[in-house]
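First comes the structure, then the notes that go with it.
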Amino acid sequence: MSPRISPEVQVRRALPEDAAVCGPICYNAFNTLNQSHGFPCDFPSPEVTTGVLSMMFSHPGFYGVVAEIDGQVAGSNCLDERSTINGIGPITIDPERQNRGVGRRLMQAVMERAQERGAPGVRLVQAAFHTRSLSLYAGLGFEIREPLACMQGRTTERAVPGCTVRAAQTADLEECNALARRVHGFDRGRELSDAIHMGSALVVERHGRITGYATALAFFGHATAETNTDLQALIASVDSFGGPGVLVPSRNGALLRWCLANGLRVVQLMTLMSVGLYNEPAGAWLPSISF
Ligand SMILES: CC(C)(COP(=O)(O)OP(=O)(O)OC[C@H]1O[C@@H](n2cnc3c(N)ncnc32)[C@H](O)[C@@H]1OP(=O)(O)O)[C@@H](O)C(=O)NCCC(=O)NCCS
């Protein structure tokens with residue numbers, strides 16, 4: 001571990017144009033970390049991380065922050081404010097400036113923001129191999145809620161009998177939101193609405209009613225369903241998952257075993273953490289890399 005220095009860190013709101021500097025920092029931070037542990041990078045290129053941060057820094061549903069040391073950007077963080085429960089990430093610090101308290105400042109900035117705006121709970125997902133991020137988040141009060149297996153591949157079963165999967169439409173929003181409220185106690189309607197407009201959202205129907213939805217079968221997407229069967233139908237409906245993979249709650253042994261029996265491979269293990277309100281979901285679900 002490098003010596004801990006306390007540099008003069010200024011934290012400010014991120015501007016859309018900060019993505020040009022923060023995007024490459026984000027890619028380098030993940031690439032350096034994952035390579036040192038023998039894992040593939042979570043993002044394919046600096047252009048992709050720049051695109052993701054550019055979207056977040058300009059979207060009214062996100063609160064982005066950057067940290068500067070001597071006027072130079074050292075890292076960034078984001079708070080997804082599109083639902084009652086907020087999600088944090090991606091937080092990344094320039095590898096040359098890590099382990100000196102900058103990440104803590106950027107975490108505190110978004111946690112204070114969530115508190116000011118009355119969010120009852122904040123969640124995030126961290127890479128289980130990353131000792132530093134686990135320590136940082138636990139030290140800030142985050143509890144471990146769920147172990148996750150990031151899984152990739154194409155299921156051998158290509159459909160689930162009795163389930164129909166189709167693209168989600170705006171008219172499906174209220175039924176999906178009601179399902180989310182039954183399973184999680186809150187909905188993620190703004191996020192789902194964004195995903196419907198982007199064309200990535202899916203719903204599964206059984207007996208003519210919606211029994212599950214996914215904003216995307218991807219690292220950045222979440223899914224909520226009544227049962228594992230509905231979730232399996234969603235998972236089986238796509239040829240691959242966006243990004244490194246989907247995040248399967250590994251305490252859901254039946255779903256995990258179905259994924260394994262269908263040929264999906266575990267890419268890495270991750271951990272869902274939360275501070276504030278958390279309730280055990282009453283249904284089947286996949287979190288996104290945000291929460
Ligand atoms: C994770 C990351 C954002 C943290 O930022 P940082 O500036 O390096 O972290 P900080 O110095 O602010 O805080 C690290 C904390 O972990 C502690 N820590 C580090 N390694 C530790 C270990 N092995 N055991 C116990 N504590 C440890 C430090 O003492 C410090 O604790 P403190 O805040 O109570 O003093 C940064 O390292 C990073 O960009 N990593 C790569 C990308 C990434 O993994 N992002 C997170 C995705 S979930």
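Starting from 0.36 nm per residue, how many nanometres of slack lie between GLU96 and ASN279 once their C-alpha separation is accounted for?
My answer for the length gained is 62.1 nm.
Which of the peptides 199-206, 252-259, 179-186 is most tightly packed, and how do the rest follow, going by the mean number of other Cβ atoms within 10 Å of each residue?
Final packing ranking: 199-206, 179-186, 252-259.
Step through the residues of segment 46-57 one at a time and calculate ³J(HN,Hα) from phi using the Karplus curve (6.51 cos²θ - 1.76 cosθ + 1.60, θ = phi - 60°), rounding each to whole Hz and writing x for Gly and Pro.
Result, ordered by residue: x, 5, 5, 5, 5, x, 5, 5, 4, 5, 5, 6 Hz.
Between ALA261 and GLU17, what is 0.36 nm times their sequence separation minus the Cα-Cα distance? Round to one decimal in nm.
Between ALA261 and GLU17, full extension yields 83.3 nm more.
Just to confirm the filter: which trypsin sites (Lys or Arg not before Pro) across segment 1-60 are DSSP coil and have at most 10 other Cβ within 10 angstrom of their Cβ?
ARG4
So what is the 222 nm mean residue ellipticity for the chain from helices alone, if each DSSP H run of at least 4 adds -39500 (n - 2.57) and you divide by all residues, rounding to the nearest 500 deg cm²/dmol?
-10000 deg cm²/dmol
With the cut-off at 1.5 for a/c, could you classify segment 1-153 from its C-alpha gyration tensor as rounded, prolate or oblate?
rounded
Taking the 0 to 90 degree range and rounding to the nearest ten, how far is the long axis of helix 102-116 tilted relative to the main principal axis of the chain, both from C-alpha atoms?
So the inclination is approximately 60 degrees.
Over the chain, give the accessible area per residue in Å² for a 1.4 Å probe, as an integer.
On a per-residue basis, the chain sits at 43 Å².
Under 8 Å for C-alpha pairs, at least 6 residues apart: give me the relative contact order for the chain, rounded to a whole percent.
21
Can you pull the percent of Cα pairs in the chain with separation above 29 Å?
32
In units of 2.2 N^0.38 Å, what is the alpha-carbon radius of gyration of segment 145-236?
Here the Cα radius of gyration is 1.02 times the empirical estimate.
Semi-axes of the equivalent ellipsoid of segment 73-200: what are they in whole Å, largest first, if each equals the square root of 5 times a C-alpha gyration tensor eigenvalue?
Rounded to whole Å, the semi-axes are 32, 20, 14.
Shape call for segment 193-280 from the C-alpha gyration tensor, a ≥ b ≥ c root eigenvalues: rounded (a/c under 1.5), prolate (a/b greater than b/c) or oblate?
It is rounded, given that a/c, with a ≥ b ≥ c, falls under 1.5.
Tell me whether segment 1-78 comes out rounded, prolate or oblate; compute the Cα gyration tensor, take square roots of the eigenvalues as a ≥ b ≥ c, and use a/c under 1.5 as the rounded threshold.
oblate
Report, to the nearest whole %, how much of the accessible area of segment 1-157 belongs to carbon and sulfur atoms, 1.4 Å probe, protein only.
50
May I ask for the angle, rounded to the nearest 10°, between helix 19-36 and the longest principal axis of the chain, with both axes built from Cα atoms and the value confined to 0 to 90°?
So the inclination is approximately 80 degrees.
Please list ARG158, ARG265 in order of solvent-accessible area, largest first, computed with a 1.4 Å probe with all protein chains present.
From most accessible down to least: ARG265, ARG158.
The values are calculated or read from the model by the stated rules, or taken from the named source; none is laboratory data. The structure displayed is predicted, hence computed values, not measured ones. So basically every Cβ, Gly included, is an ideal-geometry build from the backbone, and we count neighbours across all protein chains shown. When the accessible area is computed, the model is the full protein with side chains, heavy atoms only, and any ligands, DNA or RNA have been set aside. Shrake-Rupley method; radii C 1.70, N 1.55, O 1.52, S 1.80 Å.
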